[in-house]
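Working notes for the structure below.
The values are calculated or read from the model by the stated rules, or taken from the named source; none is laboratory data. What you are looking at is a predicted structure, and each value in this text was computed from that prediction instead of being measured. In this analysis, Cβ positions are derived from the backbone assuming ideal geometry, glycine residues included, and neighbour counts consider all displayed protein chains. Just so you know, the surface numbers come from the protein's heavy atoms only, side chains and all, with ligands and any DNA or RNA stripped out. Shrake-Rupley method; radii C 1.70, N 1.55, O 1.52, S 1.80 Å.
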Amino acid sequence: MVTILSSCPQNRQQLKTPDYLSWLRARIHRSTAGINKWLDGQTIEQVLAASEMLGGILQHGHNVAITRLTPEETEEATDSGFSIYTEGPGAIEEALDTIRQTSTATAVQAGPLAFYGRLFNWLDRRCNAINPGPIRDILRDHIVKHSAVEPGTRVLGVEITQRRYHTLYSLSAAVGVERPRLSRLLK
């Protein structure tokens, strides 16, 4: 880890260089090849954008406007997200669990935008011109794994072919039992 000294004489304290900047420097100089295969398969832009969004939402909430954060807040959010992102899909899924659990959405019919906030909005609408990398697939799988998604529904650009969870209405139709009766049976 690289440390730098503050340029202000009265505040001569050591400041730690964020991990993502150390990674970026090494990546530009091509000295990271083979160290982290997860990150090697992605562009710099994909890694930094995903890190920024993950960290931003985890630190500032579901409705964070990344562009309105101060440079210090953005750097802290990116470094926090990078520490998760660099660990790979498992760590990202844990972060998505946290994001979903901290959502204020309580309605049964709440959709992915309510549960994942700006992360879903970014991956669904804002980054269509630039491939966001594997985080889109990880979020899609997380949504399908934790929500009742109808077959034929498009989630983050891919049509879902198989249902994993049912709503009371869809289960009623699938088993052929009227909804009020099924509701009483399940209670």
TODO: Between residue 104 and residue 15, take the C-beta separation as r, use R0 = 25 Å, and let me know the FRET efficiency to the nearest 0.05.
DONE: 0.10
Task: region 37-158, accessible area per residue, ligands and nucleic acids excluded (1.4 Å, Å²) - done: 51 Å²
TODO: Would you list, by chain and number, the lysines whose Cα falls below 17 Å from the Cα of residue 145, excluding same-chain residues fewer than 8 positions away?
DONE: none
Task: Listed peptides 145-155, 45-55, 110-120 by packing density, highest first (mean Cβ within 10 Å) - done: 45-55, 110-120, 145-155
Task: Cβ-Cβ FRET estimate between residue 125 and residue 68, R0 fixed at 25 Å, reported to 0.05 - done: 0.85
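Could you tally the net charge around residue 113, taking each other residue with its Cβ under 11 Å from the Cβ of residue 113, Lys/Arg +1 and Asp/Glu -1?
That works out to +1.
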- [ ] Can you figure out the FRET efficiency of residue 40 with residue 187, using R₀ = 45 Å and their beta-carbon distance, to the nearest 0.05?
- [x] 0.30
- [ ] At q = 0.11, 0.17, 0.29 Å⁻¹, work out log10 I(q)/I(0) for region 69-135 with the Debye formula, treating every Cα as an identical point scatterer and leaving solvent out; two decimals please.
- [x] -0.31, -0.76, -1.24
- [ ] Would you tally the net charge around residue 19, using a Cβ to Cβ cut-off of less than 14 Å, leaving residue 19 out, and scoring K and R as +1, D and E as -1?
- [x] -2
